[in-house]
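S.K.: Below you'll find the structure I mean.
The values are calculated or read from the model by the stated rules, or taken from the named source; none is laboratory data. Quick caveat: nothing in here was measured; it's all calculated off a predicted structure. Cβ placement follows ideal geometry from the backbone for every residue including glycine, while neighbour counts extend to all protein chains displayed. Quick note on the areas: whole protein, heavy atoms, side chains included, nothing else; ligands and nucleic acids left out. Shrake-Rupley method; radii C 1.70, N 1.55, O 1.52, S 1.80 Å.
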Amino acid sequence: MVNSEKIHYEEMEKKTSSGMFALIVITLFILVGTAVFVYGIILLDGERDFTLGLACVIGGTLVGFIICPIFYMGLKIIKPNEAIVLTLFGKYVGTIKKEGFFYVNPFCVGVNPAQSTTTQSQTLNQTVSAFSEGTRINVNPGTGSRKISLKASTLNNEKQKVNDQLGNPIMIGIVVIWKVVNTAKAVFNVDNYKEFLSIQCDSALRNIVRLYPYDSYNSGASEDAGEKSLHGSSQEIAVKLKEEIQSKVEIAGLEIQEARITNLYYAPEIAAAMLQRQQASAVVDARQLIVQGAVGMVEMALSKLNETGIVKLDEERKAAMVSNLLVVLCGNRDAQPVVNSGSLY
């Protein structure tokens, strides 16, 4: 039966000692070892006491050049908003998140798989660039920094094609501001927390986009009626997107501070058709407004004529006047006036 008690790791603080005190003590031991080594050489050279000289050389070599330098590996410098996750022979022993100069067990190793992967990718890119340019370089792969940044970072995911609620393909991209809040979860619960975040952002974005249309007028509804859209309700969509991503990356010890849409437009294959549709909708809306205004003006003109009694019009003449006014007010071009010098009847 598999023991599932420690599937998810929780962060714990690592107990440390003063790095400056440890540095002074280690340096003193190295100096003492070096002095003993030199004294042994003098004894052997003068052939005064071969046994004591040999013992001083061996002891000074072990202390001053082999054992004590190993203890320098336990010195750790932590800058503000940095942390280091330590393991001892494969076992998680704690995290240092305080800034300062510390000393820990020299056999403790810092773990940061995300930085290791980034360094390998940079090395590969440098190698490919060198071959493409026909030059020869020597690249030291290294392992990168073992420290984890606790600063707010920005993830700018590439644009991707997603279908909205109506099935229209759109191109959309997001920017996510995040930071690590639980270093143990980030290192041990997922393989690479940066890649994990990027993939989960893509997944959450697809889930959210499928719930909303690109724009409200394309769905036959309006924003006033409570219909949300990707284009018109950016603030509400950003909140939903942040909550969706946060629920997916909780296992990795990450905190999503903000998630916003940076690129949003129709896919090239339907962009022209959707532009025509938008133009047609705009023309229809404009015509409706013009007709409403024209009808009001005609009604006002007839009412004023009746009140003042300037001219008496029968129903047929009123209909002709209404027709002429509507043509003038609703036409796309300027009307050409025609002067009637004869009788009205």
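S.K.: If only one of 270, 245, 290, 256 is open to solvent by less than 40 Å² (accessible area, probe 1.4 Å) and at pLDDT below 90, which one is it? Reasoning before the result, please.
M.R.: Values: 245 fails: at pLDDT below 90; 290 fails: open to solvent by less than 40 Å² (accessible area, probe 1.4 Å); 256 fails: at pLDDT below 90.
Being open to solvent by less than 40 Å² (accessible area, probe 1.4 Å) and at pLDDT below 90 holds for just one of 270, 245, 290, 256, which is 270.
S.K.: Further question: Among the residues of segment 88-101, what is the count of those that are under 30 Å from the mean Cα position of the chain (by Cα) and open to solvent by 20 Å² or more (accessible area, probe 1.4 Å)? Even if it seems obvious, please write down each step before you answer.
M.R.: Kept after step one, since they are under 30 Å from the mean Cα position of the chain (by Cα), are these residues of segment 88-101: 92, 94-100.
From what's left, open to solvent by 20 Å² or more (accessible area, probe 1.4 Å): 92, 97-100.
So the answer is 5.
S.K.: Please name all residue pairs, on different chains or six or more residues apart, with Cβ atoms under 6 Å, provided the first residue is in segment 314-330 and is modelled with pLDDT of 75 or more and the second residue is assigned to a helix (DSSP H, G or I).
M.R.: Short answer, once both residue conditions are applied: 322/298.
S.K.: Which strands (runs of 3 or more DSSP E) sit wholly inside segment 62-158 and have at least 1 residues that are at pLDDT 90 or above and among the polar types (S, T, N, Q)? Can you show your working first?
M.R.: On the way: elements: 75-78, 82-88, 91-96, 100-103, 108-110, 147-149, 153-156.
In segment 62-158, 82-88, 91-96, 147-149, 153-156 are the strands (runs of 3 or more DSSP E) which contain 1 or more residues that are at pLDDT 90 or above and among the polar types (S, T, N, Q).
S.K.: Further question: Among the residues of segment 142-163, what is the count of those that are over 24 Å from residue 97 (Cα atoms), out of contact with any helix residue (DSSP H, G or I) (no Cβ under 6 Å at 6 or more places or on another chain) and open to solvent by less than 40 Å² (accessible area, probe 1.4 Å)?
M.R.: Count: 1.
S.K.: Now a separate question. Go through segment 178-230 residue by residue and tally those that are of a type in the set (Ser, Thr, Tyr) and modelled with pLDDT of 90 or more.
M.R.: Restricting attention to segment 178-230, the residues satisfying the condition of being of a type in the set (Ser, Thr, Tyr) are 183, 193, 198, 203, 212, 214, 216-217, 219, 222, 229.
From what is left, the residues that are modelled with pLDDT of 90 or more are 183, 193, 198, 203.
Residues in segment 178-230 being of a type in the set (Ser, Thr, Tyr) and modelled with pLDDT of 90 or more: 4 in total.
S.K.: For segment 8-18, give me the residue count where each residue is surrounded by fewer than 18 Cβ atoms within 10 Å (Cβ to Cβ) and either among the basic types (Lys, Arg) or part of a helix (DSSP H, G or I) (or both). Give the derivation first.
M.R.: First pass over segment 8-18, keeping only residues surrounded by fewer than 18 Cβ atoms within 10 Å (Cβ to Cβ): 8-10, 12-13, 15, 17-18.
Checking the rest, the ones that are also either among the basic types (Lys, Arg) or part of a helix (DSSP H, G or I) (or both) come to 15.
Adding up the residues that qualify gives 1.
S.K.: Go through (1) out of contact with any Cys (no Cβ under 6 Å at 6 or more places or on another chain); (2) closer than 25 Å to residue 147 by Cβ; (3) open to solvent by 30 Å² or more (accessible area, probe 1.4 Å) one by one and return the number of the condition residue 55 breaks.
M.R.: The one condition residue 55 does not meet is (2).
S.K.: Can you tell which of 16, 95 is in contact (Cβ under 8 Å) with a residue 40 or more places away in the chain and more than 17 Å from residue 184 (Cα to Cα)? Write out each step before concluding.
M.R.: Numbers: 95 fails: more than 17 Å from residue 184 (Cα to Cα).
One residue alone meets the criteria, 16.
S.K.: What is the residue count in segment 160-190 for residues that are of a type outside the set (A, V, I, L, M, F, W, C) and touching a Phe, Trp or Tyr at 6+ places or on another chain (Cβ under 7 Å)?
M.R.: Initial filter on segment 160-190 (of a type outside the set (A, V, I, L, M, F, W, C)): 160-161, 163-165, 167-169, 173, 179, 182-183, 185, 189.
If we keep only those that are touching a Phe, Trp or Tyr at 6+ places or on another chain (Cβ under 7 Å) too, we end up with 164-165, 168, 185, 189.
Of the residues in segment 160-190, 5 are of a type outside the set (A, V, I, L, M, F, W, C) and touching a Phe, Trp or Tyr at 6+ places or on another chain (Cβ under 7 Å).
S.K.: What pairs come up if the first residue lies in segment 185-210 and is open to solvent by 60 Å² or more (accessible area, probe 1.4 Å), the second is among the hydrophobic types (A, V, I, L, M, F, W, C) and assigned to a helix (DSSP H, G or I), and their beta carbons are under 8 Å apart, counting only those six or more places apart or on different chains?
M.R.: Filtered contacts from segment 185-210: 194/114; 195/114.
S.K.: Here is a list: 22, 83. Which entry is of a type in the set (Gly, Ala, Ser), in contact with a Lys or Arg (Cβ under 7 Å, 6 or more places away or on another chain) and crowded, with 18+ Cβ neighbours inside 10 Å? Can you show your working first?
M.R.: Working: 22 fails: in contact with a Lys or Arg (Cβ under 7 Å, 6 or more places away or on another chain).
Of the residues listed, the single one that is of a type in the set (Gly, Ala, Ser), in contact with a Lys or Arg (Cβ under 7 Å, 6 or more places away or on another chain) and crowded, with 18+ Cβ neighbours inside 10 Å is 83.
S.K.: For segment 164-173, give me the residue count where each residue is of a type in the set (A, V, I, L, M), part of a strand (DSSP E or B) and either open to solvent by 30 Å² or more (accessible area, probe 1.4 Å) or farther than 16 Å from residue 203 by Cβ (or both).
M.R.: Initially, segment 164-173 is screened for residues of a type in the set (A, V, I, L, M), giving 166, 170-172.
From what's left, part of a strand (DSSP E or B): 170-172.
Among the residues that remain, those that are also either open to solvent by 30 Å² or more (accessible area, probe 1.4 Å) or farther than 16 Å from residue 203 by Cβ (or both) are: 170-171.
So the answer is 2.
S.K.: Name every residue in segment 313-330 that is aliphatic (A, V, I, L, M) and open to solvent by 70 Å² or more (accessible area, probe 1.4 Å), in order of residue number.
M.R.: Residues of segment 313-330 that are aliphatic (A, V, I, L, M), as a first pass: 313, 319-322, 325-329.
Within segment 313-330, 327, 328 meet the criteria.
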